[in-house]
Amino acid sequence: MRKFIVPMSLVLAMSAQFVQADECSLDLNSNDAMRFDQKAITVKSSCKEFTLNLIHTGKLPKNVMGHNWVLTKTEDARPVASDALKAGIENEYLKKDDARVIAATKIIGGGETASVTFPVSKLKAGEAYTFFCSYPGHIALMQGTLTLAP
Ligand SMILES: [Cu+2]
């Protein structure tokens, strides 16, 4: 009987998560080939907060193939990424207190996950946003767009 109860509550918890995933959160995979699995993210303006769950499906450690998820206005993405180089891995490859960064996760390695939640009020309709990985050199392949949609 006990064996039955545990899986049932697990199933319920998982279905609740799927409902939320459709609305105001997203799972984004990253890998050892230096890629995100999605190029465009849409955030609904009806969401109060948005949660990005970054998953590293690879095996390489974070000092070799580290990934994070950083969100800025598109015009800020390159400058933020070049300042991130100087910040080093001890600062999660981001300049400290960088006001241009709207949201960011820590750097993770293979098999790890990291999440960030930010208020959707930080986004404006019609503004172009870019998400990227600030690990040195990764922005070349690891970037995409984020837009606020009605
Ligand atoms: Cu990366």
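The values are calculated or read from the model by the stated rules, or taken from the named source; none is laboratory data. Treat the numbers as computed from the prediction; the structure is a model and nothing was measured. We place every Cβ from the backbone using ideal geometry, glycine too, and count neighbours over all the protein chains shown. Heads up: the accessible areas ignore ligands, DNA and RNA and are worked out on the full protein's heavy atoms, side chains in. Shrake-Rupley method; radii C 1.70, N 1.55, O 1.52, S 1.80 Å.
For the chain, what % of the accessible area comes from carbon and sulfur atoms, probe 1.4 Å?
58
Looking at the chain, send over the antiparallel percent of its DSSP beta bridges, to the nearest 5.
65
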In Hz, Karplus ³J(HN,Hα) per residue of the stretch 25-33 (6.51, -1.76, 1.60; θ = phi - 60°; x = Gly, Pro): 8, 8, 9, 10, 8, 9, 9, 6, 8
Largest-first principal axis extents of the Cα set of the chain (Å): 57, 38, 25
³J(HN,Hα), Karplus 6.51/-1.76/1.60, whole Hz, each residue of the stretch 53-61, x for Gly, Pro: 9, 8, 10, 9, 8, x, 10, 6, x
Amide H within-cut-off set for Gly58, under 5 Å, with H built and near neighbours excluded: Asp32, Gly111
Stretch gain in nm, segment Thr42-Ala99, where the contour uses 0.36 nm per residue and the Cα spacing is subtracted: 18.3 nm
From phi via Karplus (6.51, -1.76, 1.60), per-residue ³J(HN,Hα) for the stretch 112-120 in Hz, x at Gly/Pro: 9, 9, 8, 10, 9, 10, 9, x, 5
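With a/c under 1.5 counting as rounded, go ahead and sort the stretch 42-82 into rounded, prolate or oblate using the C-alpha gyration tensor (a ≥ b ≥ c being the square roots of the eigenvalues; past the cut-off, prolate if a/b is larger than b/c, else oblate).
oblate
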Label-point gap, in nm, between Leu60 and Glu127 - each point 7 angstrom along Cα→Cβ: 3.3
Residues with amide H under 5 Å from that of Thr145, placed H, sequence gap 5 or more: Ala40, Ile41, Phe131
